[in-house]
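Encoded as structure tokens, the structure appears first; notes follow it.
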Amino acid sequence: MIPIKSDRDLKIMREACAIAATVLDELCQIAKEGITTLEIDRAGKEIMSKYSCRSACYHYKAGRLRYPGYLCISVNDEVIHGIGSDRALKSGDIVSMDVSVIYKGFVGDNTRTVLIGDVNAETRKLVEATDIALQKGIEQARAGNRVGDISSAIQSYVESCGYGIVEEFTGHGVGRSMHEEPQIPNYGRAGTGPILRAGMTLAIEPMITMGSPEIFVGDDGWTVYTSDGKPSCHIEHTVLVTNGNPEILTIPMQNK
């Protein structure tokens with residue numbers, strides 16, 4: 001079953017998503033050359049506390065593992081689920097920060113990829129293309145469309161740019177839990193999959209590679225890397241399906 005949010009649910013979801021976006025926005029401001037990813041993670045904990053929310057990632061359970069960080073911080077060839085460490089960001093890096101918060105029982109989920117210092121043109125194009133692919137996917141998140149319409153729109157654009165699409169991880173529904181139905185792959189055929197209905201809230205999140213789409217999981221059991229060592233980009237919004245235009249929920253409070 002794909003949850004349909006009530007008006008009351010959506011009131012809280014909007015608040016949770018705006019807070020998640022605001023936390024992410026503040027973290028993007030401190031992601032500069034020289035800061036360590038652990039310092040970013042701990043800053044995330046403090047900022048979440050300031051907004052009376054908590055991390056949905058911290059101690060998230062997968063099998064016997066529990067995620068040790070307050071957000072996912074993935075640098076360069078790290079696709080997703082990177083854990084904060086003493087690694088200092090340097091000029092030329094790109095860093096994806098995935099912030100999921102719980103506020104009044106609902107989850108807001110969003111990711112942004114930040115350019116650190118002097119990033120080469122090829123990598124900048126990857127980030128720009130991922131952002132455009134996300135927007136094309138969001139455009140299809142309309143009542144009456146199907147999940148495959150979102151997936152196909154993302155895939156068509158990404159492949160037209162010559163990039164790889166990570167298939168092992170997907171977008172998903174989000175609400176009272178971080179992962180709800182439906183799964184939203186970043187590849188697929190238009191006109192297939194579950195029908196989208198007003199009141200569904202979806203985390204749409206292209207994970208795009210500069211080279212091969214092949215990946216592997218590191219020794220920590222969490223961090224996902226590109227197999228060829230080339231950069232990857234991850235950008236995400238939580239979106240509300242309506243009978244009209246899709247509504248992006250993860251907009252920072254100061255931008256509303």
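The values are calculated or read from the model by the stated rules, or taken from the named source; none is laboratory data. Just so it is clear, the structure is predicted and the values come from calculations on it, not from any experiment. Note that we place each Cβ from the backbone using ideal geometry, even for glycine, and neighbour counts take in every protein chain shown. Just the protein is used for accessible areas: all its heavy atoms, side chains included, with ligands, DNA and RNA removed. Shrake-Rupley method; radii C 1.70, N 1.55, O 1.52, S 1.80 Å.
Overview of results
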| quantity | calculated |
| --- | --- |
| q = 0.07, 0.12, 0.17 Å⁻¹: log10 I(q)/I(0) that the Debye formula gives for the chain, counting C-alpha atoms only | -0.21, -0.64, -1.35 |
| GluC sites (Glu not before Pro) lying in DSSP loop within the stretch 1-81, provided at most 16 other Cβ fall within 10 Å | Glu33 |
| Solvent-accessible area, 1.4 Å probe, carbon plus sulfur percent, for the chain | 48 |
| Computed [θ] at 222 nm, deg cm²/dmol, the chain (DSSP H ≥ 4; -39,500 (n - 2.57); rounded to nearest 500) | -9500 deg cm²/dmol |
| Interchain or long-range residues, amide H under 5 Å from Val114's placed H | Val95, Ser96, Met97 |
| In the stretch 25-97, the trypsin sites (Lys or Arg not before Pro) that fall in loop regions by DSSP, at most 13 other Cβ within 10 Å | Lys32, Arg64, Lys90 |
| Residue-wise HN-Hα coupling along the stretch 216-229, computed from phi with Karplus coefficients 6.51, -1.76, 1.60 (Hz; x: Gly, Pro) | 8, 9, x, 5, 6, x, 10, 5, 9, 10, 6, 5, 8, x |
| Amide proton proximity set for Val119, modelled H, under 5 Å, gap of 5+ | Gly92 |
| Per residue solvent-accessible surface (Å²) - the chain, probe of 1.4 Å | 43 |
| The stretch 187-197 - phi-based ³J(HN,Hα) in whole Hz, Karplus 6.51/-1.76/1.60, Gly and Pro as x | 8, x, 9, 4, x, 10, x, x, 6, 7, 10 |
| The stretch 198-256 and the stretch 91-126: distance between their alpha carbon centers, rounded to Å | 9 |
| Relative packing of peptides 146-155, 162-171, 112-121, 228-237 - highest average C-beta neighbours within 10 Å first | 146-155, 228-237, 162-171, 112-121 |
| Restraint check, Lys50/Lys104; Lys5/Lys104; Lys5/Lys50; Lys61/Lys125, Cα-Cα greater than 24 Å | Lys5/Lys50; Lys61/Lys125 |
| Glu214-Arg42 FRET efficiency (beta carbon distance; Förster radius 25 Å; 0.05 resolution) | 0.15 |
